[in-house]
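Below is one structure, written out as structure tokens, with a few remarks after it.
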Amino acid sequence: APQVESILETFRQVDDTLFGAVENDETSTPVSPLDRVDEQFLNNILQEEQAYTLEELANVHQKEQQQSSGQDEKDAAILLSQKSFLKRKHEAIVCLLDFHGLDSEGTQKEKIATMDAAKKGSVELDPFGMDTSEVSDENFDFIRRYQTINICRSSLIRRKLGYSILCLKSTFGRGAGRGVFVDGKAHMGDLVAFQPGEIWAKEHLLMEAPDVVAHFEDNEDDDCQTSLRFDGYLLDSRRSPVTVLTQEGSFNPWALGHMVNHPNEGRWPNCQSLMLDFNESLPRELAVYIPNTYARPTTWRSDIFSARGTSILMRGLSLLARRDLEFEELCYDYRLQSEYTPPWYHPIIYEDEILDKQRVVFFGKGKDNHDRDVD
């Protein structure tokens, strides 16, 4: 789709700015982004992002004051959601500024609270939704540096597209773990996330080979994030990365669809899952941003029902905005299909015979995919 190719081209332009243009093989990825990036450039972006975030917070506060009398309940909820995200983003930026030894804006009380949260293992979950208590010092340094890259990449993408996405601690309440947020303004129908992971062709699932059965049964300690496309292909995101999004097979900065939460009770989904096919016509230099791989080689059976004249390079899933979105946490209907569902899950009733019967996500016996039982 033209929109997808335009988004991927924006990723390439931003990465050329951050890491330098890829030389030789156009489809290769930078071996070590941490060594290729200019840290002073990143620090400047972080400080610019803090100023931008505080300015947007002030704008939201002004809107709240203007609408305080006779405010529509829906508008009030949107403003509260925007304020919650912007505060969370500010906490994350201050956390990184402190890590890099840079000054940050805000009240002294806010600085102290956020800097305390930035220290390894000082709180149950930091502003990025991570429990760092058992992370080694070396890995902690590694994580913070990649979180810096992620926020800076997102900032540069937002400046070009008008919006981007970030993975931070969820604002959906205790137990929600991490969540994904729109930073900026996305319009209804805009692509807001890609679902990363391995693609299992239907012929491999139907054969029930021992190794395939073992793969899906022997994962009780893993998060269960497996999504079924309507054409029978299954996407397994359980081992997809969240923080290190600059390695081969995970260079797409929006490959965070597996971290998007199911809406809380009383909240309507603001995005929805949609099948996405990457065709072989995709420019070679953009193929590095395809966030999926085939778990097993496909056969002729995989393309038997494909449109004539279409050669599919990779199948996947994406999330599209159901309405205009601005500075808020994403959520979509998991539509779980299982005899067991976690206590936090509640079905979304569309009052549509087809939608209410169809299901997309299979929920297995593994730990639920947003750790709501441990936060």
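For an R0 of 56 angstrom, estimate the FRET efficiency from the Cβ-Cβ distance between residue 141 and residue 75 and round to the nearest 0.05.
Details: r = 43 Å, r/R0 = 0.76.
Efficiency computed from Cβ-Cβ geometry: 0.85.
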Here, residue 312 and residue 268, labelled 7 Å along Cα→Cβ, have an inter-label distance in nm of 3.1
Spin-label model distance (nm) - residue 44 vs residue 134, 7 Å beyond Cα toward Cβ:
4.2
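Give the peptides 130-143, 181-194 in descending order of average Cβ contacts within 10 Å, highest first. Provide the component values of the computation, followed by the final result.
On the way: 130-143: 13.6, 181-194: 20.7.
Averaged packing, sorted descending, gives the order 181-194, 130-143.
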Could you tell me the distance between the Cα centroids of segment 31-65 and segment 251-293, to the nearest Å?
24
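How much length would be gained if the chain were fully extended between residue 124 and residue 231, taking 0.36 nm per residue of separation minus their Cα-Cα distance, in nm to one decimal? Walk me through the numbers on the way to the answer.
Working: separation 107, 0.36 × 107 = 38.52 nm, distance 4.09 nm.
The residue 124-residue 231 span can extend by a further 34.4 nm.
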Vicinal HN-Hα couplings computed from phi for segment 59-67 (Karplus, 6.51 cos²θ - 1.76 cosθ + 1.60; Hz; Gly/Pro x):
5, 5, 4, 5, 5, 4, 5, 5, 9
Rounded to the nearest 0.05, what FRET efficiency do residue 239 and residue 65 have when you use their Cβ-Cβ distance and R0 = 45 Å?
0.45
Return the FRET efficiency for the residue pair residue 16, residue 352: r is the Cβ-Cβ distance, R0 is 41 Å, and the value is rounded to the nearest 0.05.
0.40
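Read the figures in this text as sums done on the coordinates, not as results from a lab. Note that the coordinates shown come from a computational prediction; the quantities given were computed from them, not determined experimentally. No Cβ is skipped: glycine too gets one built from the backbone with ideal geometry, and neighbour counts run over all protein chains shown.
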